[in-house]
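A quick write-up on the structure given underneath.
The values are calculated or read from the model by the stated rules, or taken from the named source; none is laboratory data. This one's a predicted model, so the numbers in the text were calculated from it and none came from an experiment. Neighbour counts run over all protein chains shown; Cβ positions are idealised from the backbone, glycine included.
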Amino acid sequence: MRVSGPGLHGKCSTLAVMSDTPGSTAVLYDGHIVKLELQDGKWEIVRHRDAVSVLVLDGEGRMLCVRQPRRAIGTDTVEAPAGLIDDGETPEQAARRELQEEAGLDGDMRLLTRYYSSPGFSDEQIYLYHATNLRESRLPMDDDEQIEVEWLQPRAVLEGLRDGTMTGSATTVTAALYALQVQA
């Protein structure tokens, strides 16, 4: 039995009655950004679009961060520029686009690492890039984005991570990699 109705962004979602047959996968929800599956009748798996995050440092060693409201947690966050990879884009193209949209910058991109944001239940990978040789290059922001650019000293970013005022896995990994590079 299936029940359909409006999903995220007007897309159709599908709810399915679960099966506990070994090897079975039931799609519980299929939206614009995520798909929720039930495997073997007991494992909830979130299929999520992959994302990118970009580490940017200016000539004074400050880290580019963006402040923006995040509905899922009900507050503003300060984080590294980041976003989802669109259909047909490579991770590098997405990193370049996000940096242009959120900060009006472009540069040479180098992949630092990629990691799973929450591998216990989601397949989302985040590709972390370092942008250098920066130049102005602006793309329009998405209609739903309200972003303020902030240049922060790395020490302030690390303190924000320690005291909980800065959150988000991409920002945490970005700052940690930066700190490791400085100490290496």
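Only one entry in Val52, Val46, Val3 is touching a strand residue (DSSP E or B) at 6+ places or on another chain (Cβ under 8 Å), at pLDDT below 90 and either in a strand (DSSP E or B) or more than 24 Å from Arg162 (Cα to Cα) (or both), namely Val3.
In the range 39-52, the count of residues that are closer than 20 Å to Ser137 by Cα and either outside the structural domain of Ile147 (by TED's automatic domain parsing) or surrounded by 15 or more Cβ atoms within 10 Å (Cβ to Cβ) (or both) is one or more. Annotation: Val66 fulfils all but one of (1) more than 21 Å from Asp123 (Cα to Cα); (2) loosely packed, with under 15 Cβ neighbours inside 10 Å; the unmet one is (2). Residues in the range 6-43 that are modelled with pLDDT under 85 and of a type in the set (S, T, N, Q) were compared, and the one that is nearest to Pro91 (Cα to Cα) is Ser13. In the range 71-89, the residues that are of a type in the set (A, V, I, L, M, F, W, C) form Cβ pairs under 7 Å with partners that are in a loop (DSSP other than H, G, I, E, B) and at pLDDT 90 or above, at six or more places apart or across chains, as follows: Leu84/Arg49; Ile85/Arg49; Ile85/Asp50.
If you go through the range 67-84 and keep only what is aliphatic (A, V, I, L, M) and in contact with a Lys or Arg (Cβ under 6 Å, 6 or more places away or on another chain), you end up with Val78, Leu84.
Can you find a residue in the range 153-171 that is at pLDDT 85 or above, of a type in the set (S, T, N, Q) and surrounded by 14 or more Cβ atoms within 10 Å (Cβ to Cβ)? Looking through the range 153-171, none of the residues is at pLDDT 85 or above, of a type in the set (S, T, N, Q) and surrounded by 14 or more Cβ atoms within 10 Å (Cβ to Cβ).
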